[in-house]
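What follows is a short report on a single structure.
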């Protein structure tokens, strides 16, 4: 799955959540146009529709400062109007498309990642009614979901690129490899896109086995969460620290650690880390 396809999946899911959370019958949105490596914050193209009766809005290019979405794009904050065509607070370049869909009350919420607007989500009614705080808050939460997905994807791509770069055999270089390995392991469960998640875990496997000699005995098989806990232990985390990083309870972390130690034939946390590295499970 390409990055664009994965982002489209995230956007569609967010629109469904927006409609469910707000009760609005129509939702649509898109991400900013990507010009090269960085997105062009000057324009959003409406790529996804949910609950629409026509295709009038699909493909619409909304420029910063124009219409309701362009206002949200330029101000980087949520905006709403009770009667789109009659509003004096927005410009009206897109009245034809909005009118063709029969929309009246509309809200627009920007998707903001690291202070950069990356997209806009819209929700709308086909009648002129005020959109209250509950509706606006639910729409903002849907936008936050997209923001989180984009942050995770950006971090994953950055770490993958760093992990794919050959490293020298110095202690400092291997420390950086181990840090990247730990960050990738922590990110993997948060990735919705199965192809990207598999790519992350494959890179983790290559990093883990890079410093280990070929095994002479049958390989030790640890559950993914057992490896995740050992990654945290290797970084010096306590059980409570590992639990916070992995989103688990401390008792659960303790159970995974005991199981990993038993499989590795280790009696201490330090022995478990050493044994895992020898087995090619950790870098």
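Computed from the coordinates by the stated procedures, all read-outs in this text should not be read as laboratory data. What you see is a predicted model, and the numbers here were worked out from it, not measured in a lab. We place every Cβ from the backbone using ideal geometry, glycine too, and count neighbours over all the protein chains shown.
Subtract the Cα-Cα distance of residue 195 and residue 88 from 0.36 nm times their separation in residues, and report this length gain in nm to one decimal.
Contour length minus the Cα-Cα distance gives 33.9 nm.
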Using alpha carbons only: equivalent-ellipsoid semi-axes of the stretch 3-141, gyration tensor based, whole Å: 21, 16, 15
Two-site label geometry, residue 20 and residue 126: point separation in nm, points 7 Å out along Cα→Cβ: 2.3 nm
Rg(Cα)/(2.2 N^0.38 Å) for the stretch 101-142, N = residue count: 1.27
Potential extension, residue 251-residue 278 segment - 0.36 nm per residue separation minus Cα distance: 7.0 nm
In nm, spacing of pseudo-spin labels at residue 267 and residue 115 (7 Å Cα→C-beta vector): 5.4 nm
Sites residue 53 and residue 206 - FRET efficiency at Förster radius 45 Å, r taken between beta-carbons, to 0.05: 0.35
Whole-Å distance, taken between Cα centres, linking the stretch 44-67 and the stretch 233-259: 45 Å
Pairwise label distance in nanometres, residue 61 with residue 221, each label 7 Å out on the Cα-Cβ vector: 5.5 nm
